[in-house]
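Single-structure report; data block below.
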Amino acid sequence: MTCLYDFEVRTIDGSSESLEDYRGDVVLVVNVASRCGYTPQYAGLQQLYEKYPDRGFVVLGFPCNQFGDQEPGSEAEISEFCSLTYGVTFPMFAKVDVNGPDAHPLYRWLQSEKSGLLGKRIKWNFTKFLVSREGAVVQRYGSTTTPDQIAGDIEQQLG
């Protein structure tokens, strides 16, 4: 796999989707959780998604339950929580593992492209990867980096 567009993922409603659908967009890939101290970042992610609708930017949310059992619900429960609590309208996907032997191939690739504080491993929920219009990872951000702190980098990628 050489770029974002090479991956197939399962949407939060269970259908299969090719990330080829996002070719030409600037993409922010985020592993999310509903019961985390960083969960309020959903609001900032939604604001970013709404800020650049005509410029080719999208947020992709991947729920993950690997950190402190902070995403224990079903996909339906996660979807309802995100919609009702934070008004999330950006694409959400089925729960994935981001570390270990069962890590989703997308996350194995993302980690191989940009290391973080723990090397390649994802440290916690709300780790973010900024992907260029060409499908290459350009930046990785830790959980403590808030969505508004990424806006400048997004704008730079949008051109």
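The values are calculated or read from the model by the stated rules, or taken from the named source; none is laboratory data. In this text, all values refer to a predicted model and were calculated from it rather than measured experimentally. Don't worry about glycine lacking a Cβ; one is built from the backbone with ideal geometry, like all the others, and counts go over all protein chains shown.
Table for the structure above
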{"item": "Residues of the range 109-152 satisfying the condition of being hydrophobic (A, V, I, L, M, F, W, C) and assigned to a loop (DSSP other than H, G, I, E, B)", "result": "L117, L118, I122, W124, F126, A136"}
{"item": "Unique match (being loosely packed, with under 15 Cβ neighbours inside 10 Å, among the hydroxyl-bearing types (S, T, Y) and modelled with pLDDT of 95 or more) among S18, S34", "result": "S18"}
{"item": "Residue in the range 135-155 that is at pLDDT 95 or above, in contact with a Ser or Thr (Cβ under 6 Å, 6 or more places away or on another chain) and hydrophobic (A, V, I, L, M, F, W, C) present", "result": "yes"}
{"item": "Selection count where residues are surrounded by fewer than 21 Cβ atoms within 10 Å (Cβ to Cβ) and outside any helix (DSSP H, G or I), scope the range 70-91", "result": "8"}
{"item": "Sole exception among (1) surrounded by 19 or more Cβ atoms within 10 Å (Cβ to Cβ); (2) aliphatic (A, V, I, L, M); (3) modelled with pLDDT under 95 for L117, by number", "result": "(1)"}
{"item": "Qualifying residue in the range 93-108 (condition: on the phi > 0 side of the Ramachandran plot, not in a loop (DSSP other than H, G, I, E, B) and not hydroxyl-bearing (S, T, Y))", "result": "no"}
{"item": "Candidates K128, K95 - the one that is touching a Cys at 6+ places or on another chain (Cβ under 9 Å), surrounded by 15 or more Cβ atoms within 10 Å (Cβ to Cβ) and at pLDDT 95 or above", "result": "K95"}
{"item": "Residue in the range 11-31 that is farther than 18 Å from I150 by Cβ and within 12 Å of the chain's Cα centre (by Cα) present", "result": "no"}
{"item": "Among the residues listed as L60, L48, the single one being of a type outside the set (S, T, N, Q), out of contact with any Cys (no Cβ under 9 Å at 6 or more places or on another chain), under 14 Å from L158 (Cβ atoms) and not in a loop (DSSP other than H, G, I, E, B)", "result": "L48"}
{"item": "Test: K114 is touching a strand residue (DSSP E or B) at 6+ places or on another chain (Cβ under 9 Å), under 25 Å from Q157 (Cα atoms), of a type in the set (K, R) and without any contact (Cβ under 8 Å) to a residue 60 or more places away in the chain", "result": "yes"}
{"item": "Only one of R35, R55 that is closer than 15 Å to V131 by Cα and either in contact with a Lys or Arg (Cβ under 7 Å, 6 or more places away or on another chain) or assigned to a loop (DSSP other than H, G, I, E, B) (or both)", "result": "R55"}
